[in-house]
Amino acid sequence: GAGVSQSPSNKVTEKGKDVELRCDPISGHTALYWYRQRLGQGLEFLIYFQGNSAPDKSGLPSDRFSAERTGESVSTLTIQRTQQEDSAVYLCASSSNPGGRTGELFFGEGSRLTVL
Amino acid sequence: QQPVQSPQAVILREGEDAVINCSSSKALYSVHWYRQKHGEAPVFLMILLKGGEQKGHDKISASFNEKKQQSSLYLTASQLSYSGTYFCGRGGGSQGNLIFGKGTKLSVKP
């Protein structure tokens, strides 16, 4: 596609339910990032995938959070047993990262998660 | 550990200048600047890869002092369209990671 696509754009769920958020990166981009942005706050790093290398999971806040990526395509961020503090916009970004160095990130429009 | 940005917020009149600073306690291999307008996704402004490098486009430029592990973003003759939150990011060298600061909210008034 022309840009990074995320779905759903909005998700309302009840506390304790599991949610899956999807990110479709720009074709050919080897790097994929997930960030969390709480209302009025900054971009909190969650996880980074680079090609077939082991992902950098250092930003995942708890074991309720996990993410997968199939090759260099779609990624899914899963939040289990959601809590109210998980409410945020989850942003996905992709990059070509030439030579493995951080390049320009292209962000999707985000998935807004509300946990009641 | 995330970079530290200052100030947290700044209000300008159209035509005024502003400087946003970014510093890191961890090695800065590269510095990345993004702007996010309200309700929108962040948009790339520039990357600085070498110490002492300065880059810019239009009236927005940036410098990178690798020795001090600092970068500054300069906005001159600000326009209403410059309003938004500016984030600096610390590149992870060969690791490709990108950690952002908490952001600086810039408001330009007519």
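Summary table below
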quantity	calculated
Filtered residues of segment A:85-116 (kept if within 13 Å of the chain's Cα centre (by Cα) and among the β-branched types (V, I, T))	A:V89
Residues located in segment A:57-86, provided they are among the small types (G, A, S) and surrounded by fewer than 17 Cβ atoms within 10 Å (Cβ to Cβ)	A:S58, A:S62, A:S66, A:G71, A:S73
Residue in segment A:10-25 that is in a strand (DSSP E or B), of a type in the set (D, E, K, R) and under 19 Å from B:L98 (Cβ atoms) present	no
Of residues in segment B:13-40 being in contact with a Pro (Cβ under 8 Å, 6 or more places away or on another chain) and among the hydroxyl-bearing types (S, T, Y), the one nearest to A:G108 (Cα to Cα)	B:Y34
Matching residues, segment B:78-89, being closer than 18 Å to B:S63 by Cβ, touching a Lys or Arg at 6+ places or on another chain (Cβ under 8 Å) and within 9 Å of another protein chain (Cβ to nearest Cβ)	B:F87
Unique residue being within 12 Å of another protein chain (Cβ to nearest Cβ), in contact (Cβ under 8 Å) with a residue 60 or more places away in the chain and farther than 20 Å from B:R90 by Cα when the list is A:R112, A:R81	A:R112
Total residues in segment A:90-101, condition open to solvent by 10 Å² or more (accessible area, probe 1.4 Å) and more than 9 Å from chain B (Cβ to nearest Cβ)	2
Of all residues making up segment A:26-51, the number that are open to solvent by less than 30 Å² (accessible area, probe 1.4 Å), within 7 Å of chain B (Cβ to nearest Cβ), under 10 Å from B:N97 (Cα atoms) and not aliphatic (A, V, I, L, M)	3
Pairs where the first residue, in segment A:1-30, is over 16 Å from A:S96 (Cβ atoms) and the second is of a type in the set (A, V, I, L, M, F, W, C) and open to solvent by 40 Å² or more (accessible area, probe 1.4 Å), C-beta under 6 Å, 6+ apart	A:E14/A:L116
Strands (runs of 3 or more DSSP E) (entirely within segment A:32-107) containing at least 1 residues that are farther than 22 Å from B:H32 by Cβ	A:65-69, A:75-79
Within segment B:10-75, strands (runs of 3 or more DSSP E) holding 1 or more residues that are open to solvent by 50 Å² or more (accessible area, probe 1.4 Å) and in contact with an Asp or Glu (Cβ under 6 Å, 6 or more places away or on another chain)	B:43-48
Lone unmet requirement of (1) over 15 Å from A:R22 (Cβ atoms); (2) open to solvent by less than 20 Å² (accessible area, probe 1.4 Å) for A:E104	(2)
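The values are calculated or read from the model by the stated rules, or taken from the named source; none is laboratory data. In this text the structure is predicted, and so the values were computed from the model without any measurement. A quick note on method: Cβ atoms are made from the backbone with ideal geometry, for glycine too, and the neighbour counts reach across all protein chains shown. Side chains included, ligands, DNA and RNA excluded: accessible areas come from the protein's heavy atoms. Shrake-Rupley method; radii C 1.70, N 1.55, O 1.52, S 1.80 Å.
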